[in-house]
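Contents: one structure, followed by commentary.
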Ligand code: ATP
Ligand code: MG
C-alpha cells in the first residue's frame, strides 16, 4: 500500500519541467492523505500519462488541477484541464491502443490512455472521462476500489 497524495506530489513534481516549458500551470489542488493498495511504479505511470495528456492538449496559460480526494463517496485521483477536451463520441475509443483523435495538434503514439486503463484494471480502479470543470477541457477521474477498515 502507498499514500496516493505522496505519489501525486511526486508525479506533479516530475512534470513541472514539461509544464513550465509549455507555459501551463500544473498544480496539486487537493491532496487528501489516503492509502491505496497498489504498485507505486505502475501508478506513477498511470498518473503521469494523464498529466502528460493534460499538458499536451492544453493551450498555454491554462491551469491543470490534480486532486487526490478521499470523501464519503470514494477514493479518487482527478486530472482536470481546460484544453481541447474529447468529444462525447470519441470517449469510448481513446482507450484503444494506437487510437488518436483526428487533428490532434500534438504528435503521439496513441498508447498513453491504453496503458493507463490497463494499470487501472490491474488495481480494480475505474477511469472515467467527463467534461472539464471549466467551460472547456477534460476531467479524468480514476476511482479506486473501496477497501476501508
Ligand atoms: P502517447 O502514446 O504519446 O500518450 P497520445 O497522447 O496520442 O500518445 P493517448 O494518451 O492514448 O495517446 O490519448 C489518445 C488521444 O486522446 C490523444 O491523441 C488525444 O487526441 C486524446 N486526448 C487524451 N487526453 C486528452 C486531453 N487531456 N485533452 C484532449 N484530448 C486528449
Ligand atoms: Mg498521451
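General observations
- The per residue volume of the convex hull around the alpha-carbon atoms of the chain is 106 Å³.
- Label-to-label distance, nm, for residues given as residue 128 and residue 30 (7 Å Cα→Cβ offset): 1.5 nm
- Under 19 Å from a label point set 7 Å out along the Cα-to-Cβ vector of residue 90, the amide N atoms of region 111-136 belong to 111-117, 128-136.
- The alpha-carbon atoms of region 1-57 define a convex hull whose volume equals 65 cubic angstrom per residue.
- The mean sequence separation of alpha-carbon pairs under 8 Å and at least six residues apart, normalised by the residue count of the chain, gives a relative contact order of 23 percent.
- Peptides 125-135, 97-107, 38-48 ordered by average Cβ neighbours within 10 Å, highest first: 38-48, 125-135, 97-107
- Angle between the chain longest axis and helix 112-122 axis [Cα atoms, degrees, rounded to 10]: 20 degrees
- Gain on full extension, evaluated as 0.36 nm per residue between residue 98 and residue 42 minus their Cα-Cα distance, stands at 18.2 nm.
- Label point at residue 71 placed 7 Å out along Cα→Cβ; residues across region 28-64 whose backbone nitrogen lies under 17 Å: 29-34
- The chain, helix-only ellipticity at 222 nm - DSSP H runs n ≥ 4, -39,500 (n - 2.57), divided by all residues, nearest 500: -9000 deg cm²/dmol
Just so you know, all these numbers are worked out from the coordinates, no wet-lab data involved. What you see is a predicted model; the values in this text were computed from it and never measured. Methodologically, a virtual Cβ is constructed for each residue, glycine included, from the backbone with ideal geometry; neighbour enumeration extends over all protein chains shown.
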